[in-house]
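Novice: Take a look at the following structure, please.
The values are calculated or read from the model by the stated rules, or taken from the named source; none is laboratory data. All figures in this text were calculated on a predicted structure; none of them were measured in a lab. No Cβ is skipped: glycine too gets one built from the backbone with ideal geometry, and neighbour counts run over all protein chains shown.
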Amino acid sequence: MKATSDSAPSAASTGALPDRTRSGLPLQVRKDLVAGAVGAVLSAAYRSLQQDNPERFSTPPERPLLTRVYAESHDGWRCPLFKVPASPGSSGEPILLLHGLGLSRHSLDFDRERSLARALAAAGFAVYMAENRADRSALPPGSPKPFDFDDIATADLPAAIESVQRDSGFERIFVLGHGLGGQLLYAYLAHFGDAELAGAVTLNSAVRFSRPKSGRSALSLARSLLPASLRLPTSAAATLLSPGARASGELEGDRARGLLVHGTEDISGGMLRQALLWLESGSLVDRDDRLDYAHALSSVRIPLQLITARGDSLCPPDYAVGVKDTWRGPVTHLSLPGTWAHLDLVMGPRAPTELTPHIATWLDGLRRACWTR
């Protein structure tokens, strides 16, 4: 597994076509024109659908200039890590942030006011936001194969952790995962153990699911019929549906619509097949339904900060707290009230003052664990 930094490969180094269209316009200019036209259409649709809503259509995420550190997995995928440096004068222990299903790093760094990444950097941590092979920014090998959750957990995440260690110079790192990001962390620990980590934080990450009383055969049939090579156009669907979206939990409608338009990713057929298996089996399991990832955490000794929200309909607390039954290290459980929904933990208006400080304080007590094995 290799790490490189600075910027993406040039067109000359990759054999890509020059950045120019047949019309003579640079490709980026053409993309910007198309994006502007799409934005105008969506805004008009929003006004026609929500005439009683005084909010503006969309608040887009800020796009600060961040250093990219590329991590190469054993099967040739190159995935970027977006680095937010620690505040000047701090010790700069590293933390790797993993986003949720169908989302991008923008859910963790939406704008200066709501950025979990920048808040942790201000608290003195070097922050790395990981994207994986399911994200549009990832660079595939010459002949990429279909992939699923297990591929990301056992190939992309180890490469990302190694790259953070190399770039930061620390022996061990922290990892924080939101939703699917926390599930990937659990799977990584089940396969590789905790030797490379100093501590872990998970936000609304399920390990148990309500098994349907009926319809299990339908789930099994759907899994068998769903091609692993399929890529569901969930990003385009989110964009098309954005004009009708309103506030989600405490997350304002303009930010929710901004995330739908600018911060969503497509979902692979392989990923969806494995998620359907979790619903069918009732547990977070590998693709073959042989390894229960929560049960496989019995050798993990690092500290865990487990954060749940009673208002999260995607991951009710009962889905997430089962990890405490097998985790052998110290577990600090922070339970948020029913007013907090799934995205509120990373983008909600109260997160910067009522949640992020708890995460930063907990991590602060473990800084020395990053220095030595």
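Novice: So if I check each of 82, 110, which one is touching a Gly at 6+ places or on another chain (Cβ under 8 Å), in contact (Cβ under 8 Å) with a residue 24 or more places away in the chain and aromatic (Phe, Trp, Tyr)?
Specialist: Exactly one of 82, 110 is touching a Gly at 6+ places or on another chain (Cβ under 8 Å), in contact (Cβ under 8 Å) with a residue 24 or more places away in the chain and aromatic (Phe, Trp, Tyr), namely 110.
Novice: Sort through 205, 229, 210 and tell me the only one that's closer than 18 Å to residue 323 by Cβ, touching a residue at least 12 places away in the same chain (Cβ under 8 Å) and loosely packed, with under 15 Cβ neighbours inside 10 Å.
Specialist: The unique qualifying residue is 210.
Novice: For the stretch 164-213, which residues satisfy the criterion of being small (Gly, Ala, Ser) and within 17 Å of the chain's Cα centre (by Cα)?
Specialist: Passing the criteria: 177, 179, 181, 182, 187, 200, 205, 206.
Novice: Then there is this: Return the only residue of 43, 58, 48 being over 20 Å from the mean Cα position of the chain (by Cα), modelled with pLDDT under 95, more than 25 Å from residue 157 (Cβ to Cβ) and surrounded by 17 or more Cβ atoms within 10 Å (Cβ to Cβ).
Specialist: After applying the criteria, what remains is 58.
Novice: Could you list, in sequence order, all residues of the stretch 85-108 that are of a type in the set (A, V, I, L, M, F, W, C) and assigned to a loop (DSSP other than H, G, I, E, B)?
Specialist: 86, 101, 108
Novice: What are the residues in the stretch 319-332 that are in contact with a Lys or Arg (Cβ under 7 Å, 6 or more places away or on another chain) and either surrounded by 18 or more Cβ atoms within 10 Å (Cβ to Cβ) or not in a loop (DSSP other than H, G, I, E, B) (or both), if any?
Specialist: 319, 322, 331
Novice: When you check residue 127 against the structure, is it touching a residue at least 60 places away in the same chain (Cβ under 8 Å), over 25 Å from residue 239 (Cβ atoms) and surrounded by 17 or more Cβ atoms within 10 Å (Cβ to Cβ), yes or no?
Specialist: no
Novice: Quick test of your reading of the structure: residue 273 fulfils all but one of (1) surrounded by fewer than 19 Cβ atoms within 10 Å (Cβ to Cβ); (2) basic (Lys, Arg); (3) touching a residue at least 60 places away in the same chain (Cβ under 8 Å). Name the failing condition by number.
Specialist: The single condition residue 273 does not satisfy is (1).
Novice: Being outside any loop (DSSP other than H, G, I, E, B), in contact with a strand residue (DSSP E or B) (Cβ under 7 Å, 6 or more places away or on another chain) and crowded, with 20+ Cβ neighbours inside 10 Å is the filter here; which residues of the stretch 284-307 pass it?
Specialist: Within the stretch 284-307, 285, 304, 305, 306, 307 qualify.
Novice: For the stretch 236-256, give me the residue count where each residue is within 19 Å of residue 313 (Cα to Cα), out of contact with any strand residue (DSSP E or B) (no Cβ under 8 Å at 6 or more places or on another chain) and not hydroxyl-bearing (Ser, Thr, Tyr).
Specialist: 8
Novice: Could you list all residues from the stretch 115-132 that are assigned to a strand (DSSP E or B), touching a helix residue (DSSP H, G or I) at 6+ places or on another chain (Cβ under 8 Å) and over 20 Å from residue 161 (Cβ atoms)?
Specialist: None - no residue of the stretch 115-132 is assigned to a strand (DSSP E or B), touching a helix residue (DSSP H, G or I) at 6+ places or on another chain (Cβ under 8 Å) and over 20 Å from residue 161 (Cβ atoms), so the list stays empty.
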